[in-house]
Amino acid sequence: MSRLYGCGPIRHSLLLALIAVLAFGPAMPAAAGLRDWWPFGKKQEEPVPDPYPYRASLDVISPDKRIEKKLSRASTLIEREESPPSGLMGLLARARQDIPQLTAILYENAYYAGQIAITINGRRIEEIGPFDSIGQVPASVRVSVVTGQAFVFGAVGAEPVPEGFSLEKLGMIRGEPARSTVVLAAERALVDAWQQSGHPLARAQPRDTVADHRTATLDVTLNVDPGPAAEFGRVEVSGAAGVDPNLIVGRAHFQPEPYSSKKVRNAETRLRDLGVFESVRIAPADALDPDGTIPMLITVSERKRHVIGGTASYSNTDGLGAGIYWRDRNLFGGAEQLHLSASISKVISDSLDPDFRVLGRFIKPGVFDPMTDFTLRAEGYRETTEAYRVTAVEGEVGLSHIFSDTVNGSVALELSRSQTIDDEDVSREHLILALPTRMTWDRRDNRLDPTEGFKATALAEPAYDFYQDKAFATFAGDFAIYRSFTPTDRFVLAGRVAASVLTVDDVETVAPDKRLYLGGAGTVRGYGYQNIAPRDGDGDIIGGRSSVLVSGEARYRVTDQIGVVAFVDAGSVSSDMFPTFDDIKVGVGAGLRYLTPVGPIRLDVAVPLQPEDGDPAAAIYIGLGQAF
């Protein structure tokens, strides 16, 4: 056996999220079929002719106690024991199917000298013919696995390699466990490195592997044919039944420049971000065109055009909440999105005056060129925090533009009419015209789980309040950086610095919801939402003119699926134009990460070190992706 085969915080609350999705989701079957649809019941399987019942057991001898569960999940005999196959032939087919599946698990865990034996009523399956009589029914099926000693890498190499490529960074290190998954991932990375270097037809060749059972080492040499270098050429689109293909080609934005697999992935991301496609795949053709360029094929699968859904939640501090939304993902055939939603929150038993939000948003991609989007938004809401209550109606028109694979920006004109009540029960009317402008430079290697790179965001938002005859502006910057300290990105340090300034002489002349606050998810974890801010003599929150936030995380991946995090957040909000750092609030905590193909599921628990009124003893945060 030596070959390789190619969310916000939950504070003492229970969330019942997405309940209404089950009621309103478009994939829900007709009422007549509810009994066949989870959670109402399971659809009955079609009856099997000549069912052959059996009872299966798994015996594993291994130094690794965790491998038994992996083998059990990979065994069709074990997993489908309650669904008998058809006849003895069906049972034998199921048993033979288990051999390569169990072998793959052994290889994935670096066991290349493992032995697998499957018996039916004491007879090995290799000895049983299709017309044999094997005795008792239900049959007794035994799966026996002896893993032997785990192998480690011996000599490793690759031929040829592009500049900067390292097998060590990919985990192929002499003396490390020789898992087949590491070998296959390194092979894919080698091919991708050549494709990033302008060779679209790079292909893996048969690898050289030698398993030395005497020393339990695996020597591996990866081989690749780089193929010719080429530039991007003509582009074809497949599967776009309802979306303008010209928008797809323009959004992919392939210029006459050297081919790069990274540019292809960025193009796929831009097309997915349109929100209209279920899947997007961009691949080069199998051969160059006569002019020496590489043709590109974009294959898309469109999502259902209309969707309706909802949410429901409960908190013992804020009461009930519920929402519903409707969306058209392709209004006029150009991937235009129309989103309508309504929600209520803070429905507390002794109060019938909840917060609410009603939103309508229209997005039109490709208005002036394929990389420029137009946004129109109308929104009415009421929001209550520890510092203020605001009831407002807003309207906004805006443009966003993708300048490159790493730089994008937006500008909008926003008009809001609001009434605010601050913590001292002072009510004011506001009519504010604002011009928020934002630029983002994103060099992260992964948006949801970065291990290298940085992200920098700058915001400038000049505004004028006609009712209060007050001009002011908000300036903000946010910078996050990521650094891996192990060849396989198992240990990562992440840091973040953010600062904001509100340009006014007296913060109380500005609407409370425009002042600066920290606390809660996305800022200083462990503290109440917007509970870090200057206070008056009575301890009431008034908000600040400047803020600074510093966060650090140490992230360690324990297994391929589980990670742990330790973090510290520190922040200060000041009444002065520049932070004084006189009242820094620090939150510390730890978290778990369950790593999925779409990003880590995050669970953090944070404790405030300098709590005040309104701060919890501890806070829990759940979400998708890293905290920053």
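Brief remarks follow.
- Candidate set from the range 394-438 (those that are in contact with a helix residue (DSSP H, G or I) (Cβ under 7 Å, 6 or more places away or on another chain) and part of a strand (DSSP E or B)); member that is most open to solvent (accessible area, probe 1.4 Å): 402
- The set of residues in the range 286-332 that are buried (at least 17 other Cβ atoms within 10 Å of the Cβ), β-branched (Val, Ile, Thr) and outside any strand (DSSP E or B) is empty.
- Every residue from the range 383-393 that is in a strand (DSSP E or B) and either touching a Pro at 6+ places or on another chain (Cβ under 7 Å) or under 11 Å from residue 513 (Cβ atoms) (or both): 383, 384, 388, 389, 390, 391, 392
- Some residue of the range 553-567 being open to solvent by 10 Å² or more (accessible area, probe 1.4 Å), under 27 Å from residue 389 (Cα atoms) and out of contact with any helix residue (DSSP H, G or I) (no Cβ under 8 Å at 6 or more places or on another chain): no
- Hits in the range 250-265 (condition: of a type in the set (S, T, N, Q) and open to solvent by less than 20 Å² (accessible area, probe 1.4 Å)): 260, 261
- Restricting the range 180-219 to residues that are of a type in the set (S, T, N, Q) and under 25 Å from residue 103 (Cβ atoms), the residue that is surrounded by the most Cβ atoms within 10 Å (Cβ to Cβ): 180
- Residue list for the range 261-283, restricted to those being out of contact with any Ser or Thr (no Cβ under 8 Å at 6 or more places or on another chain) and not in a helix (DSSP H, G or I): 273, 274, 275, 276
- Filter result for residue 609 (open to solvent by 40 Å² or more (accessible area, probe 1.4 Å) and over 16 Å from the mean Cα position of the chain (by Cα)): yes
- The range 165-180 - residue that is within 13 Å of residue 153 (Cβ to Cβ) and not in a loop (DSSP other than H, G, I, E, B) and, of those, farthest from the chain's Cα centre (by Cα): 177
- Taken over the range 482-526, the criterion of being buried (at least 20 other Cβ atoms within 10 Å of the Cβ) and part of a helix (DSSP H, G or I) is satisfied by 507, 512, 513, 514.
- Residue within the range 227-249 that is of a type in the set (Ser, Thr, Tyr) and surrounded by 14 or more Cβ atoms within 10 Å (Cβ to Cβ) present: no
- Just one residue in the set 494, 480, 460 is small (Gly, Ala, Ser) and farther than 23 Å from residue 598 by Cα; that residue is 460.
- For residue 441: the one exception among (1) surrounded by fewer than 17 Cβ atoms within 10 Å (Cβ to Cβ); (2) aromatic (Phe, Trp, Tyr); (3) within 19 Å of residue 517 (Cβ to Cβ): (3)
- Here residue 338 does not qualify as closer than 30 Å to residue 152 by Cβ, surrounded by 15 or more Cβ atoms within 10 Å (Cβ to Cβ), modelled with pLDDT of 95 or more and touching a Lys or Arg at 6+ places or on another chain (Cβ under 8 Å).
- The range 61-90, subset within 30 Å of the chain's Cα centre (by Cα) and open to solvent by less than 40 Å² (accessible area, probe 1.4 Å), residue farthest from residue 118 (Cα to Cα): 67
- Residues in the range 575-592 that are crowded, with 21+ Cβ neighbours inside 10 Å and farther than 15 Å from residue 525 by Cβ: 579 only.
- Any hit, the range 459-476, residues being within 35 Å of the chain's Cα centre (by Cα), under 13 Å from residue 544 (Cα atoms) and assigned to a strand (DSSP E or B): yes
- Inter-residue pairs, beta-carbon under 9 Å, first on the phi < 0 side of the Ramachandran plot and in a strand (DSSP E or B) and in the range 141-163, second among the charged types (D, E, K, R) and open to solvent by less than 10 Å² (accessible area, probe 1.4 Å), 6+ apart: 143/98
- Residue 529 more than 25 Å from residue 581 (Cβ to Cβ) and either open to solvent by 10 Å² or more (accessible area, probe 1.4 Å) or within 31 Å of the chain's Cα centre (by Cα) (or both): no
- Residue count, the range 60-97 (criterion: among the acidic types (Asp, Glu), out of contact with any Phe, Trp or Tyr (no Cβ under 9 Å at 6 or more places or on another chain) and over 14 Å from residue 138 (Cβ atoms)): 2
- Taken over the range 365-385, the criterion of being surrounded by fewer than 18 Cβ atoms within 10 Å (Cβ to Cβ), out of contact with any helix residue (DSSP H, G or I) (no Cβ under 9 Å at 6 or more places or on another chain) and not polar (S, T, N, Q) is satisfied by 367, 368, 374, 376, 377, 378, 379, 380, 381.
- Annotation: of all residues in the range 91-135 being open to solvent by less than 20 Å² (accessible area, probe 1.4 Å) and assigned to a strand (DSSP E or B), the one that is farthest from residue 151 (Cα to Cα) is 120.
- Some residue of the range 253-265 being of a type in the set (Val, Ile, Thr), under 18 Å from residue 194 (Cβ atoms) and touching a Leu at 6+ places or on another chain (Cβ under 6 Å): no
The values are calculated or read from the model by the stated rules, or taken from the named source; none is laboratory data. Small disclaimer: the values here were computed from a predicted structure and weren't measured. For neighbour counting, all protein chains shown are included, and Cβ atoms are generated from backbone atoms with ideal geometry for every residue, glycine included. The accessibility values were calculated without ligands, DNA or RNA, using every heavy atom of the protein model including side chains. Shrake-Rupley method; radii C 1.70, N 1.55, O 1.52, S 1.80 Å.
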